[in-house]
Number of protein chains: 2
Amino acid sequence: MINERELKRFVEAVFIKMGVEHEDAADAAQVLVKADLRGVDSHGVARLKGYVRLWENGLIDPKATLKIERETIGTATINGNSNFGLVIAPKAMKVAINKAKEAGTGWVTVKNSSHFGIAGYYSMLALEHDMIGLAFTNASPLVAPTFGKERMLGTNPIAVAFPSGKEQPVVIDMATTTVANGKLEVAKRKKEKIPIGWVQSDTGDLSENPKELEVGGSLTPLGSTLTNSSYKGYCLSSMVDILSGVLTGANFGPWVPPFVPFLANSDNPVGEGIGHFFGAIKIDAFMDVKSFKKRMDLWINTFKNSTPLYKEQEVLIPGEPEKKKEEVRIKNGIPLLDQVKKDLNEIAKKFNIEKQFT
Amino acid sequence: MINERELKRFVEAVFIKMGVEHEDAADAAQVLVKADLRGVDSHGVARLKGYVRLWENGLIDPKATLKIERETIGTATINGNSNFGLVIAPKAMKVAINKAKEAGTGWVTVKNSSHFGIAGYYSMLALEHDMIGLAFTNASPLVAPTFGKERMLGTNPIAVAFPSGKEQPVVIDMATTTVANGKLEVAKRKKEKIPIGWVQSDTGDLSENPKELEVGGSLTPLGSTLTNSSYKGYCLSSMVDILSGVLTGANFGPWVPPFVPFLANSDNPVGEGIGHFFGAIKIDAFMDVKSFKKRMDLWINTFKNSTPLYKEQEVLIPGEPEKKKEEVRIKNGIPLLDQVKKDLNEIAKKFNIEKQFT
């Protein structure tokens, strides 16, 4: 178990060593460690070596600042200028929040960015401003469209956070595939088969092989099979790709620069970097904040107290499992897998940081 | 086969007989017949008797006008004052479009409305203004949350339409359940079983019975089973319910006034009517319209021409099957089932309209 502050300090030091400004490094560390705290281990410090790889490959300008290339009272188009997504995205979400103060809602597109960690983090930044927050991003092409064989789309997540009153906020953060790639990585590490419905082979057959993606297979869009409406997952992923990629000036579809090591960058990009789409909706623009929060608490309690199917498992609210995990991990610390500790120790060595994860 | 204009004239006449203003009746008829044209037969004139039933039950004020109860430069909160959803929604979407002209994006919440037909219709109203259109609504509670037994959510659709250049626009219009109730109605009519994954019984077991909802069962959220992430469908449906219900002042969750005849209205409502959420995003606020359309065409052609799994089935673009159906039906007319003709003839008789569907 490692204490969150200790882990954050280490991650911050790594980003500083890569040339990121101190304040930006703190932001980036905050996003990554928040993923570990919330139990989204696939998107936390386990991925630090992925960010280091991007930097080593010369794909990151760690000193770059954001440029607003176009704006209206309620919108902004931002060029991330090739900094880390983890540095760009917190700033872009803040622009959306400030726009919402003026225009009721704020919407920001970002191009020339890279992998930004957990989408949920950014949506949650809106909560303290009594706003609903939204965050989308496109991602490494690992998903074939319905009836398709080629991998054209990413796990393209949708994150939305709703403020509440006395209850915990409702936080949705989901890949638009049946499962995210992280679940395959876990199965690979444990040398286990995966359930039918998560991936298809390059012949379109459902597969139990967690390494299927490395031999041309693809993640299934949410819905899993045509009978159970996987074209809806394809639609959702397309929506995220168009908002995050086409509308931003970033790459889209099969051109999205990959984060996973087994895919190469396209040599004829159709835009700059990967893209994000952020939104902030000021509650007060639509309804008295106090009334809204009371209604949210009623929504939450009504769902929580609805009759469960099984005595031992109550109905959960979106974001509730992550919040519970966070409470435990703030108290007891964050567990790290041996492989992750090994990776972090190698990173420490690479950057001459005196730190040993044991 | 019936000609679309002939069908529209009849539907318009019915709404006028119920006391709706002429222009509003034309709007309502347009929405319903558009569903039939696009092949979404479950949401077209087959449902006219449902709207008549709402009116007969005294739930509709056909003369009511919309009231904007709160607004900012980019947002509006609308009270539909109990008119038909089919009358309220086209006007509300127009408000969103006009707001977007000023603020870059426009967002409108609606309460005190009723079933509004196909969500896709409203999202598509934005296209001719070079805007992205969004339309959400909550609906009759027919879906149990993950781990739950009680029906707490509707099929709560998400519709998004993206303008394009030379290609057809991308139009997403999907229930957040595995399938919409309309597919069960079709199976019932044909006396067929339904595939495993669409509905669960009130004990949580998957069922092949298309009448399962009438005996306490529920539609599964998109994803179908816990293994294949049905909690994501639950999350999406919750998002639509909170935006359309909680944020609007309408009813939400189990309190949403039902459209289906086998459910009763709640006697302790938490809001007024059902609710909708509309959005319009002006392309020009983010990017030159010409560039965007060129990029959209590239997106569309890239997906369309990607390698298919099977020689005989190319990859489809969201909205493409509906558009193709529309072209055929504009030319050849709309086929109506015998049961639907019978229902329409009864409505004609009820309102003394000289019209016979044969």
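The values are calculated or read from the model by the stated rules, or taken from the named source; none is laboratory data. Values in this document were obtained by computation on a predicted structure and should not be read as measured data. Cβ sites come from the backbone with ideal geometry, for glycine too, and all protein chains shown count toward neighbours. With ligands, DNA and RNA removed, areas are computed over all heavy atoms of the protein, side chains included. Shrake-Rupley method; radii C 1.70, N 1.55, O 1.52, S 1.80 Å.
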Quiz prompt | strands (runs of 3 or more DSSP E) lying entirely in region A:115-183 (those with 2 or more residues that are within 8 Å of another protein chain (Cβ to nearest Cβ) and open to solvent by less than 20 Å² (accessible area, probe 1.4 Å)) | solution = A:158-162, A:170-174
Practice problem: Determine which single condition A:Phe351 fails, assuming it passes every other condition in (1) in the same structural domain as A:Tyr51 (by TED's automatic domain parsing); (2) closer than 30 Å to A:Lys99 by Cα; (3) not small (Gly, Ala, Ser). | Solution: (2)
Quiz item: Of (1) within 7 Å of another protein chain (Cβ to nearest Cβ); (2) more than 30 Å from A:Thr227 (Cα to Cα); (3) not hydrophobic (A, V, I, L, M, F, W, C), B:Asn268 satisfies all except one. Which?
Solution: (1)
Practice problem: Please go through region B:55-74 and pick out each residue that is touching a Ser or Thr at 6+ places or on another chain (Cβ under 9 Å) and not in a loop (DSSP other than H, G, I, E, B). | Solution: B:Ile68, B:Glu69, B:Arg70, B:Glu71
Quiz item: Of the residues in region B:279-289, how many are more than 21 Å from B:Tyr121 (Cα to Cα) and either facing chain A (nearest Cβ under 10 Å) or free of Cβ contacts under 8 Å to residues at least 40 places away in the same chain (or both)?
Solution: 5
Quiz item: If a residue has to be buried (at least 19 other Cβ atoms within 10 Å of the Cβ) and touching a residue at least 24 places away in the same chain (Cβ under 8 Å) to count, how many in region A:259-270 make the cut?
Solution: 1
Quiz item: So is B:Ala348 out of contact with any Gly (no Cβ under 9 Å at 6 or more places or on another chain) and open to solvent by less than 10 Å² (accessible area, probe 1.4 Å) or not?
Solution: yes
Quiz item: Can you name every residue in region B:77-114 that is open to solvent by less than 10 Å² (accessible area, probe 1.4 Å), more than 16 Å from the chain's Cα centre (by Cα), more than 13 Å from chain A (Cβ to nearest Cβ) and closer than 28 Å to A:Thr72 by Cβ?
Solution: B:Ile97
Quiz prompt | Every residue from region B:186-224 that is open to solvent by 50 Å² or more (accessible area, probe 1.4 Å), within 13 Å of another protein chain (Cβ to nearest Cβ) and touching a helix residue (DSSP H, G or I) at 6+ places or on another chain (Cβ under 8 Å) | solution = B:Lys193, B:Asp202
Practice problem: With the condition kept exactly as written, say whether any residue in region B:241-249 is hydrophobic (A, V, I, L, M, F, W, C), more than 7 Å from chain A (Cβ to nearest Cβ), surrounded by fewer than 19 Cβ atoms within 10 Å (Cβ to Cβ) and under 25 Å from the mean Cα position of the chain (by Cα). | Solution: no
Exercise. Go through the residues of region B:126-140 one by one and say whether even a single one is at pLDDT below 95 and more than 17 Å from B:Gly44 (Cβ to Cβ).
Key: yes
Self-check item: Unique residue being farther than 21 Å from A:Met124 by Cβ, open to solvent by 30 Å² or more (accessible area, probe 1.4 Å) and in a helix (DSSP H, G or I) when the list is A:Glu12, A:Glu23, A:Glu6
Solution: A:Glu6
Quiz prompt | Options B:Lys67, B:Lys63, B:Lys49: the member that is away from chain A (no Cβ under 14 Å), under 17 Å from B:Val31 (Cβ atoms) and open to solvent by 20 Å² or more (accessible area, probe 1.4 Å) | solution = B:Lys49
Quiz item: Which residue, of B:Arg38, B:Arg47, is under 29 Å from B:Leu336 (Cβ atoms), under 15 Å from the mean Cα position of the chain (by Cα), of a type in the set (D, E, K, R) and modelled with pLDDT under 95?
Solution: B:Arg47
Exercise. Look at region A:271-284 and say how many of its residues are farther than 23 Å from B:Lys293 by Cβ, in contact with a strand residue (DSSP E or B) (Cβ under 6 Å, 6 or more places away or on another chain) and open to solvent by 20 Å² or more (accessible area, probe 1.4 Å).
Key: 1
Quiz item: Conditions: (1) open to solvent by 10 Å² or more (accessible area, probe 1.4 Å); (2) at the interface with another protein chain (Cβ under 10 Å from one of its Cβ atoms); (3) polar (S, T, N, Q). B:Ser238 meets all but one. Number of the miss?
Solution: (1)
Practice problem: Being at pLDDT 95 or above, among the aliphatic types (A, V, I, L, M) and under 25 Å from the mean Cα position of the chain (by Cα) narrows it down to one of A:Ile353, A:Ile330, so name that one. | Solution: A:Ile330
Practice problem: Determine if region B:291-299 includes at least one residue that is more than 23 Å from A:Ala280 (Cα to Cα) and in contact with a strand residue (DSSP E or B) (Cβ under 7 Å, 6 or more places away or on another chain). | Solution: yes
Quiz item: What about B:Ile274, is it modelled with pLDDT of 95 or more and either within 20 Å of the chain's Cα centre (by Cα) or in the same structural domain as B:Phe136 (by TED's automatic domain parsing) (or both)?
Solution: yes
Exercise. Scan (1) under 15 Å from the mean Cα position of the chain (by Cα); (2) modelled with pLDDT under 95 for the single condition B:Val160 breaks and write down its number.
Key: (2)
Exercise. Of the numbered conditions (1) outside the structural domain of B:Ile347 (by TED's automatic domain parsing); (2) in a helix (DSSP H, G or I), B:Val52 fails exactly one; give the number of that condition.
Key: (1)
Practice problem: Consider B:Leu316 carefully, then state whether it is facing another protein chain (nearest Cβ under 10 Å) and surrounded by 13 or more Cβ atoms within 10 Å (Cβ to Cβ). | Solution: yes
Quiz item: From the list A:Val20, A:Val108, A:Val14, A:Val40, which one is of a type in the set (A, V, I, L, M) and under 18 Å from A:Asn345 (Cβ atoms)?
Solution: A:Val14
